[in-house]
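Working notes for the structure below.
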Amino acid sequence: MEVYVFDFFDNSTENISEQSGDFEPCNTMPSSDFNKIFLPTVYGIIFILGTIGNGLVVVVMGYQKKVKTMTDKYRLHLSVADLLFVLTLPFWAVDAVKTWYFGSFLCVSVHVIYTVNLYSSVLILAFISLDRYLAVVRATNSQATRKLLASKVIYMGVWLPAVLLTVPDLVFARVQSGESSNFFLNDDSEEAGDIRTICQRIYPQGTSLIWTVVFRFQQIVVGFILPGLVILVCYCIIIAKLSQGSKGQALKKKALKTTVILILCFFSCWLPYCIGIFCDTLIMLEVVSSSCVLQQAVERWISITEALAYFHCCLNPILYAFLGVKFKKSARSALTVGSRSSQKVTLMTKKHGPISSVSTESESSSVLAS
């Protein structure tokens, strides 16, 4: 969303191809028309599914005031991050269809929320995989470490970096009249005389390319490569651990299957988008020779894969909460009409008893209750 759109406004040479020594503007109207239909539709679907799914997780976690495991805490952090993220999508949907109607303050605010939750949700997934690694591979002596990670380190390792990464939004995000850019318009367009207000990061003219490239690589490294490596390594070790021995083969098979699904979902959602912005960055740096056809194809690819990446926030409640047996029981209890105040503590105490390192290990080992 953000990385894809604002770069084109900031770099006047990006939509220009050199043909026989003459610079001719690429016709970007097909991509613009496609985005006006595709993006609002997909953002609307993600908004509805993400709000319902993550909202339910937040409600259920709030219902469980007395008994929370480490994985419960991660679920809550992840759902809050995803919920805040999906709440920004209606603004981008309206912007994609027409223009930015919401003023300067909301422009900066939406960018900040977008950035915080884009990074925090991915980093929380890395923390979840690390927690499961400790619970399965280091089960006998990992309780204290897991508790420290879930209660304190997560703020320094997830939320603080995510907040610090919003500084560029505070500095560069602003509202600007579309008169100064012809990105969405060409000379033959019926809308050529229209004024379009944009809400994007606007970099200094002389250093626009440098800023764009730096922040794109930052997103690829911090938002995908580093957490992706943690997730991949931790889950591969978990798979190797669960594959050993002969006890509980049925449970282990189910756990292995779910673990593979978690890995595939993460990389299927985020890898295509990162490949798209990486290729587009190479074109901007003239490492790859550019043409109008190639630019339009890359723009379309980024639009589609970006929406796919955002679908991960709809999958997270399913993958990390609804697969859990305990969560489903808690959800039923939270949504059942009855006396909440008395049944809440009694139900959790009778069914689950005190939370011990053994029960937590079992929960994480099966990968179904996390």
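The values are calculated or read from the model by the stated rules, or taken from the named source; none is laboratory data. Quantities reported herein were computed from a predicted structural model and do not represent experimental measurements. Note: ideal-geometry Cβ built from the backbone for every residue, glycine included; neighbour counts use all protein chains shown.
A few remarks follow.
- If you check Leu232, Leu262 for being under 26 Å from Arg138 (Cβ atoms), of a type outside the set (Ser, Thr, Tyr) and modelled with pLDDT under 85, only one passes: Leu262.
To keep it simple, each residue is scored yes or no on (1) at pLDDT below 85; (2) within 29 Å of Leu264 (Cα to Cα); (3) buried (at least 18 other Cβ atoms within 10 Å of the Cβ).
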position	(1), (2), (3)
Ser129	no, yes, yes
Arg146	no, yes, yes
Ile154	no, yes, yes
Gly157	no, yes, no
Leu165	no, yes, yes
Leu170	no, no, no
Phe183	yes, no, yes
Glu190	yes, no, no
Arg201	no, no, yes
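- Residue identified as touching a residue at least 60 places away in the same chain (Cβ under 8 Å) and closer than 30 Å to Val171 by Cα among Leu87, Leu130, Leu49, Leu118: Leu118
- A count restricted to the stretch 267-306 and to residues that are of a type in the set (Gly, Ala, Ser), in a helix (DSSP H, G or I) and surrounded by 20 or more Cβ atoms within 10 Å (Cβ to Cβ) stands at 2.
- Near pairs, Cβ below 9 angstrom, 6+ apart or cross-chain, from the stretch 55-69 (on the phi < 0 side of the Ramachandran plot) to any residue that is at pLDDT below 80 and of a type in the set (Lys, Arg): Met61/Lys68; Tyr63/Arg340; Tyr63/Lys344; Gln64/Lys344; Lys65/Lys344; Lys66/Lys344; Thr69/Lys326
- Residue within the stretch 206-221 that is closer than 25 Å to Phe127 by Cβ, surrounded by 14 or more Cβ atoms within 10 Å (Cβ to Cβ), touching a Leu at 6+ places or on another chain (Cβ under 6 Å) and modelled with pLDDT of 90 or more present: no
- Flag if Ala369 is crowded, with 16+ Cβ neighbours inside 10 Å and either modelled with pLDDT under 50 or more than 26 Å from Tyr235 (Cα to Cα) (or both): yes
Residue by residue, here is whether (1) at pLDDT 85 or above; (2) of a type in the set (Phe, Trp, Tyr) holds:
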{"site": "Arg75", "(1), (2)": "no, no"}
{"site": "Val94", "(1), (2)": "yes, no"}
{"site": "Tyr101", "(1), (2)": "yes, yes"}
{"site": "Val112", "(1), (2)": "yes, no"}
{"site": "Thr115", "(1), (2)": "yes, no"}
